[in-house]
Structure formats: structure tokens, C-alpha cells
Amino acid sequence: MEILTISVFNVVGNSFCVEADDGQKVYELIKKALLENRKVKVSFQNVEMLTSAFLNTAIGQLYKDFSEGEIKNNLSVDNMSKEDASLLKRVVSTAKLYYKDPEEMEKSIAEILGE
């Protein structure tokens, strides 16, 4: 099976991946490919700055639409620094917890914030 490579740099148009809106563009491309049962490699080549807001939108919200197994078997990342890989790991852990029970997570957040 041919692997679709998505260049984050090309999608965003520069080396600063910090905006959730840019993450949404990447998410849409990944989601479309996964729905077509394609394997996806997300390349972070030439990316200089990456934020959790970007990663939450680009990759974290995939856990709302796909199982952990589907994502693990069909999505990979490439050319990511150790620091960014660590950030991605935290984003994925949080997304899995959140999408397992979004209402409970929202309730917990509200309690923590005293709302």
C-alpha cells in the first residue's frame, strides 16, 4: 500500500506551526486519507517551531474520529525533533483521555477552575 506523505511545512506555508487553524488544515488531510483507508506519514521536515495548540488540532482530535488502533496502524510521523516528539506524546495522551469521556473531562476541568 502506498503511503501518503503530508508535509506540514508545505501545508502551513512556513516553518512556524503554532496556530490551531493551521493544525486544522493538517487534520483535514490526515482524516481524509484515513477515511480512505490509506497509510499516512506526517513529515515535520523544515518545521522550526511547534506548539501544543497546533498538535492538538492536527493530531489530537483524530482520537475523536478514529480508534487508537487505527491511528497507531495507519499514522506515522517523520523528521520530528526529540522535544517535539515528547510534546506530541503528551498531546496524544491527553487526547486519548479526553475523547474517552469528553463530558467527564469537561466536568473535571470546570471543577479545577472553580466554575
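List of remarks:
- Considering only Ala85, Gln24, Asn37, the residue lying farthest towards the positive end of the dipole of the chain is Asn37, judged by Cα position with unit charges set on Cβ.
- The phi torsions of the range 78-94, fed into the Karplus equation with coefficients 6.51, -1.76 and 1.60 and a -60° offset, translate into couplings of 9, 6, 10, 5, 4, 5, 5, 5, 5, 4, 4, 4, 5, 4, 5, 4, 5 Hz, rounded to whole numbers, with Gly and Pro shown as x.
- Dipole size of the range 41-115 about its Cα centre, with +1 on Lys/Arg Cβ and -1 on Asp/Glu Cβ: approximately 320 debye, rounded to the nearest 20.
- Max mean-square fluctuation residue, GNM over the chain, Cα-Cα springs under 10 Å, options Glu36, Glu28, Glu19: Glu36
- In this structure, Arg38 and Glu83 have a Cβ-Cβ separation that, at R0 = 30 Å, corresponds to a calculated FRET efficiency of about 0.55.
- Residue ranges 7-13, 43-49 sort as 7-13, 43-49 when ordered by packing (mean number of other C-beta atoms within 10 Å per residue, highest first).
- With a Förster radius of 30 Å applied to the C-beta separation of Thr5 and Met105, the computed FRET efficiency comes to 0.40.
- The label point for Lys72 and the one for Glu19, both projected 7 Å from the Cα toward the Cβ, are 3.5 nm apart.
- Straight-distance crosslink candidates among lysines, where the alpha carbon sits under 22 Å from Lys107 and sequence neighbours closer than 8 are dropped: Lys64, Lys96
- Under 5 Å, built H, 5+ apart or other chain: amide partners of Lys41: Leu4, Thr5, Ile6, Ser76
- Most fluctuating residue given options Leu97, Leu88, Leu50, as computed from a GNM of the chain linking Cα atoms under 10 Å: Leu97
- Cross-link partners for Lys39 among the lysines, with Cα-Cα distance under 17 Å and sequence neighbours closer than 8 places in the same chain left out: Lys31, Lys72.
Since every read-out is calculated from the coordinates, none of them should be taken as a lab result. Fair warning: this is a prediction, and the values are worked out from it, not measured in the lab. Every residue, glycine among them, receives a Cβ derived from its backbone with ideal geometry; neighbour counts consider all protein chains shown.
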